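Nothing in this text is a laboratory measurement; each read-out follows from the coordinates by a stated rule. Bear in mind the structure is a predicted one, so any value in this text is a computation, not a measurement. Cβ: placed from backbone, ideal geometry, glycine included. Neighbour counts: every protein chain shown.
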Amino acid sequence: MQWIGYIGLALVVACWIPQSVETVKLGRCPIHLWFLILNVVGSACLTIYAIWVNDVIFAILNGFITCGSTLNLYYKLFPRKTE
C-alpha cells in the first residue's frame, strides 16, 4: 500500500513544477500572496510533524512543497525587474 503514497507524492509535487518553472521564466509569481504564505507555513509545519512521527512519504512530500512554494513566494515578494 505504500506505493500509493509514493504515487500521490509524485503527482502532488509534479503540480508545483510547471508553476515554478513559469515563475522563474517570468521573474514574478502570479499566485495570490496569501495562498503562498499559508502554503509555505502549512507545508513547513507538516514537514516538521512528518519528521517527528517518522513518516517518510509525508516528510518528502511536504519538504518538496515547502521548497516549491517558497520559490514562488520569493518571486512574489521580489519580482525580477524588467528592462
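Would you mind calculating the relative contact order of the chain from Cα pairs under 8 angstrom and at least 6 residues apart, reporting the percent as a whole number? Before the final figure, lay out the partial values.
Details: 77 pairs, mean separation 35.1, N = 83.
Answer for the chain is 42 percent.
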Extension gain from residue 55 to residue 37, taking 0.36 nm per residue of separation minus the Cα-Cα distance:
4.1 nm
Computed label-point distance, nm, for sites residue 70 and residue 11 using a 7 Å Cα→Cβ extension
2.7 nm
Among trypsin sites (Lys or Arg not before Pro) in region 54-83, those in a DSSP loop whose Cβ has at most 13 other Cβ atoms within 10 Å are 80, 81
May I ask you to work out the translational diffusion coefficient for the chain at 20 °C, viscosity 1.002 mPa s, via Stokes-Einstein with Rh from the Kirkwood sum over Cα pairs, reported in whole µm²/s?
160 µm²/s
